[in-house]
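The values are calculated or read from the model by the stated rules, or taken from the named source; none is laboratory data. From a predicted model like this one, the values you see are computed outputs, not experimental measurements. No Cβ is skipped: glycine too gets one built from the backbone with ideal geometry, and neighbour counts run over all protein chains shown.
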Amino acid sequence: MREPAGDNPLDQAVKRLERAISQLEQRLSGQAGKPGAEIGGLFDQDSAKLAAELDQARQREKALEEAGAEASAALGRAIAEIKAALASDDADENTQSQTEEA
(Lines give C-alpha, C1' and ligand atoms only; values in the text may rest on other atoms or scores of the structure.)
Protein backbone atom coordinates (compact mmCIF):
# COMPACT_ATOMS: atom_id res chain seq x y z
CA MET A 1 0.00 0.00 0.00
CA ARG A 2 1.77 3.09 -1.21
CA GLU A 3 0.86 6.51 0.16
CA PRO A 4 0.27 9.45 -2.19
CA ALA A 5 3.51 11.18 -3.10
CA GLY A 6 2.20 14.55 -1.81
CA ASP A 7 2.04 13.42 1.85
CA ASN A 8 5.05 14.04 4.01
CA PRO A 9 6.57 11.11 5.93
CA LEU A 10 4.97 12.18 9.22
CA ASP A 11 1.49 12.23 7.67
CA GLN A 12 2.11 8.82 6.15
CA ALA A 13 3.22 7.43 9.50
CA VAL A 14 0.15 8.87 11.23
CA LYS A 15 -2.13 7.28 8.62
CA ARG A 16 -0.44 3.90 9.03
CA LEU A 17 -0.72 4.17 12.81
CA GLU A 18 -4.40 5.07 12.60
CA ARG A 19 -5.01 2.13 10.26
CA ALA A 20 -3.20 -0.25 12.63
CA ILE A 21 -5.13 1.06 15.63
CA SER A 22 -8.40 0.65 13.77
CA GLN A 23 -7.55 -2.95 12.89
CA LEU A 24 -6.55 -3.66 16.47
CA GLU A 25 -9.77 -2.15 17.79
CA GLN A 26 -11.78 -4.33 15.39
CA ARG A 27 -9.98 -7.45 16.58
CA LEU A 28 -10.43 -6.51 20.21
CA SER A 29 -14.13 -5.76 19.78
CA GLY A 30 -14.50 -9.20 18.19
CA GLN A 31 -13.01 -10.73 21.33
CA ALA A 32 -15.29 -8.83 23.72
CA GLY A 33 -17.15 -11.30 25.87
CA LYS A 34 -14.45 -13.90 25.41
CA PRO A 35 -11.96 -14.64 28.17
CA GLY A 36 -9.36 -11.92 28.23
CA ALA A 37 -11.83 -9.12 27.39
CA GLU A 38 -10.03 -6.98 29.97
CA ILE A 39 -7.49 -6.31 27.23
CA GLY A 40 -9.83 -3.62 25.93
CA GLY A 41 -9.47 -1.71 29.18
CA LEU A 42 -5.71 -1.92 28.93
CA PHE A 43 -5.90 -0.68 25.36
CA ASP A 44 -7.98 2.32 26.47
CA GLN A 45 -5.38 3.14 29.12
CA ASP A 46 -2.55 2.88 26.60
CA SER A 47 -4.49 5.00 24.14
CA ALA A 48 -5.07 7.71 26.74
CA LYS A 49 -1.39 7.63 27.72
CA LEU A 50 -0.30 7.93 24.08
CA ALA A 51 -2.72 10.82 23.52
CA ALA A 52 -1.29 12.65 26.54
CA GLU A 53 2.27 12.05 25.33
CA LEU A 54 1.31 13.32 21.88
CA ASP A 55 -0.13 16.50 23.39
CA GLN A 56 3.08 17.04 25.37
CA ALA A 57 5.19 16.49 22.27
CA ARG A 58 3.11 19.01 20.33
CA GLN A 59 3.56 21.56 23.13
CA ARG A 60 7.33 21.01 23.08
CA GLU A 61 7.32 21.34 19.29
CA LYS A 62 5.46 24.66 19.52
CA ALA A 63 7.87 25.96 22.16
CA LEU A 64 10.86 24.95 20.03
CA GLU A 65 9.39 26.64 16.98
CA GLU A 66 8.88 29.85 18.97
CA ALA A 67 12.43 29.68 20.33
CA GLY A 68 13.75 29.13 16.82
CA ALA A 69 11.85 32.14 15.51
CA GLU A 70 13.20 34.30 18.35
CA ALA A 71 16.76 33.10 17.69
CA SER A 72 16.37 33.79 13.99
CA ALA A 73 15.15 37.33 14.68
CA ALA A 74 18.05 37.93 17.10
CA LEU A 75 20.54 36.70 14.51
CA GLY A 76 19.00 38.99 11.91
CA ARG A 77 19.39 41.98 14.22
CA ALA A 78 22.99 41.02 15.03
CA ILE A 79 23.84 40.71 11.33
CA ALA A 80 22.33 44.12 10.64
CA GLU A 81 24.33 45.68 13.49
CA ILE A 82 27.57 44.10 12.26
CA LYS A 83 26.96 45.30 8.71
CA ALA A 84 26.23 48.81 9.99
CA ALA A 85 29.41 48.81 12.08
CA LEU A 86 31.49 47.61 9.14
CA ALA A 87 29.96 50.23 6.86
CA SER A 88 30.69 52.91 9.46
CA ASP A 89 34.33 51.77 9.73
CA ASP A 90 34.70 51.84 5.93
CA ALA A 91 33.25 55.35 5.79
CA ASP A 92 35.61 56.53 8.55
CA GLU A 93 38.62 55.06 6.73
CA ASN A 94 37.60 56.71 3.45
CA THR A 95 37.18 60.08 5.16
CA GLN A 96 40.53 59.74 6.91
CA SER A 97 42.40 58.79 3.72
CA GLN A 98 40.81 61.72 1.85
CA THR A 99 41.90 64.10 4.62
CA GLU A 100 45.46 62.77 4.51
CA GLU A 101 45.60 63.20 0.72
CA ALA A 102 44.57 66.83 0.96
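Residues are listed down the side, and each one gets a yes or a no for (1) surrounded by 10 or more Cβ atoms within 10 Å (Cβ to Cβ); (2) at pLDDT 90 or above; (3) of a type in the set (F, W, Y):
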position: G30; (1), (2), (3): no, no, no
position: E38; (1), (2), (3): no, no, no
position: D46; (1), (2), (3): yes, no, no
position: A71; (1), (2), (3): yes, yes, no
position: A84; (1), (2), (3): yes, yes, no
position: D89; (1), (2), (3): yes, no, no
position: N94; (1), (2), (3): yes, no, no
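Being surrounded by 10 or more Cβ atoms within 10 Å (Cβ to Cβ), farther than 22 Å from V14 by Cα, modelled with pLDDT under 90 and of a type outside the set (D, E, K, R) is a property that does not hold for A80.
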